[in-house]
1. What is the ratio of the Cα radius of gyration of chain B to 2.2 N^0.38 Å, with N the residue count, to two decimals?
2. How many partner chain Cβ atoms sit within 10 Å of a residue's Cβ in peptide B:258-269, on average, as a whole number?
3. Please compute the contact order of the stretch A:92-145 in relative form: average sequence separation of alpha-carbon pairs under 8 Å and at least six residues apart, divided by the residue count, as a percent.
4. Evaluate peptide B:338-345: per residue, the Cβ atoms of other protein chains within 10 Å of its Cβ; return the mean as an integer.
5. Considering just Cα atoms, how many Å³ per residue does the convex hull of the stretch B:69-166 enclose?
6. Going by how many other beta carbons lie within 10 Å of each one, how would you line up B:170, A:91, fewest first?
7. What is the extension gain from residue B:54 to residue B:245, computed as 0.36 nm multiplied by their sequence separation minus the C-alpha to C-alpha distance, in nm to one decimal?
8. Based on the Cα atoms of the protein assembly as shown, what semi-axes does the equivalent ellipsoid have, where each is the square root of 5 times one gyration tensor eigenvalue, given in whole Å with the largest first?
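We did not get these values from a lab; they are worked out from the coordinates using the rules stated. Computed from a prediction, not measured in an experiment: that's the story for all the values here. With ideal geometry, Cβ positions are generated from the backbone for all residues, glycine too; neighbour counts draw on all protein chains shown.
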């Protein structure tokens with residue numbers, strides 16, 4: 001359904017994560033606290049079931065993205081918590097980052113009110129500062145790190161080819177349910193929750209930017225991909241549901257949107273690339 | 001948060017409220033004097049019906065075409081001052097309400113009926129209140145006869161002689177604007193006895209009716225830009241008036257809060273159902289629009305002795321007016337009902353949703369090519 005909110009949230013309408021779809025979490029992970037750098041969790045390539053990102057169409061009609069086994073291409077270390085306001089402000093002070101539009105008075109809160117461009121600027125600055133290679137995680141990397149806290153986007157409904165409103169109404173009902181249980185408080189980093197991998201703060205009031213561009217995938221009746229197109233400039237933000245947000249947006253929420261539930265706040269965490277270990281293989 | 005270290009008692013004695021209290025004393029004298037002849041009026045032959053009001057967006061049960069002659073329709077409303085949450089960003093506001101809701105409930109009577117309202121101002125309130133019915137005749141719409149101090153009640157009867165949807169609101173002298181933008185307004189629908197009629201005299205009937213009360217709020221912020229909160233309405237008065245004078249609302253919402261008519265609270269309809277939307281704005285102009293639908297019959301200024309406009313895209317309701325739109329849904333889906341100043345709709349809150357179930361009509365709309373690469 002075309003709307004103003006859609007423009008801002010991009011594919012946010014169809015990107016709704018709310019179900020109990022089992023996500024098998026088999027990746028090996030360990031927490032490292034060595035050195036002065038941020039606390040990180042290592043993610044090794046190991047296949048896991050994942051509801052793919054993107055807007056999927058089967059024979060021209062929107063459908064749930066398929067669930068497939070995916071494997072991240074190489075081992076990485078992901079920050080155990082989102083970048084905090086205090087950490088981000090160091091980049092602002094250095095003149096390498098723009099001021100966030102979120103609160104700046106509490107250093108321990110996750111930084112919010114940052115655009116994808118801001119997050120990328122921070123990654124570049126932080127890489128220079130540390131001499132390491134830091135970047136935003138991909139959708140699959142973020143999902144693997146989120147582990148059992150990752151929320152499935154699937155609506156799980158039987159589509160009615162003769163009635164597009166069936167899906168719109170199902171989406172709307174699910175968004176309403178999601179809204180009911182939403183926790184809107186921004187809590188200090190590390191305090192919201194922690195999963196089996198030691199990754200904190202998944203799915204609260206802060207959505208996190210990824211390096212994954214919004215893509216549209218067209219399939220035939222069998223699900224075979226006919227065409228795929230990327231919209232880089234619109235990126236996937238992960239949280240209670242996946243949202244597609246334009247790269248310059250810092251404040252995704254609007255008072256009373258037309259349709260679709262926008263993310264509450266935008267923040268991020270980074271991953272550090274590691275040398276690939278022998279035996280780790282495959283790609284998403 | 002900056003709050004003044006004063007008690008409710010201090011506030012009551014404070015400058016902001018002293019004016020209101022003085023007015024109460026004047027009003028009490030005035031009321032007794034004027035009410036005397038009214039009591040003598042002979043209406044004993046008319047049947048009386050008692051209506052239980054319901055919270056917006058819903059509307060109490062009523063006949064569209066009146067059976068029988070004029071009645072005395074009894075309503076009771078309690079005035080409740082309460083702190084309400086306007087959005088998810090922490091904005092709170094000391095609302096003054098008719099019956100506990102913003103807007104107050106929609107009342108429905110027929111032309112020629114008598115409206116008899118019992119208005120109660122409980123002792124737990126801080127302020128004096130009254131009610132001005134735009135649909136009534138005389139005494140500042142009844143405002144001059146209904147000023148009640150906390151701990152008082154009053155009964156006003158007036159004859160509904162003008163058919164239409166009309167705003168009612170609180171109007172205590174000197175503080176009218178503040179009370180109105182504190183949520184103290186609602187609407188009454190005076191239906192023609194033989195029901196609504198289109199331009200050719202055809203009957204216009206509805207399967208359901210929703211009442212949307214649009215409200216502009218003016219919430220003060222502190223130096224750091226955070227919403228200020230207060231311990232009582234009186235304490236907020238001066239700050240709120242300062243924001244009001246900017247004529248720039250911080251919120252423009254339907255039914256008292258951002259999102260009050262969305263999600264779980266979205267309005268509902270079915271394809272083929274005819275829905276009447278009563279829309280009031282007691283203070284500011286608005287321009288309702290149903291995204292994906294139309295206004296089949298629209299009384300933008302709300303008065304049924306004028307023929308309705310038909311087939312509209314957007315209609316203009318001047319501040320201080322209620323309007324009526326009637327639409328029969330033709331397609332399923334999620335519709336947005338908005339103030340089509342889209343900044344007010346999507347940035348300040350004036351948007352609601354209608355979830356419509358039914359069969360899709362390919363003739364009316366078909367996606368010939370789903371969005372795909374060029």
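1. Values: Rg = 21.6 Å, N = 374, 2.2 N^0.38 = 20.9 Å.
Taking the Cα Rg and dividing by 2.2 N^0.38 Å, one obtains 1.04.
2. Working: counts 5, 5, 1, 1, 9, 9, 5, 1, 4, 0, 0, 0.
Per-residue shielding by partner chains comes out at 3.
3. Working: 34 pairs, mean separation 13.6, N = 54.
Dividing the mean separation by the residue count of the stretch A:92-145 yields 25 percent.
4. Numbers: counts 4, 1, 0, 0, 2, 3, 2, 6.
Whole-number average of other-chain Cβ neighbours for B:338-345 is 2.
5. Details: hull volume 9.4 nm³, N = 98.
With only Cα atoms used, the stretch B:69-166 gives 96 Å³ per residue.
6. Numbers: B:170 30, A:91 21.
Starting with the residue having the fewest Cβ neighbours, the order is A:91, B:170.
7. 65.4 nm
8. Values: eigenvalues 575, 200, 58 Å².
After diagonalising the Cα gyration tensor, the semi-axes are 54, 32, 17 Å.
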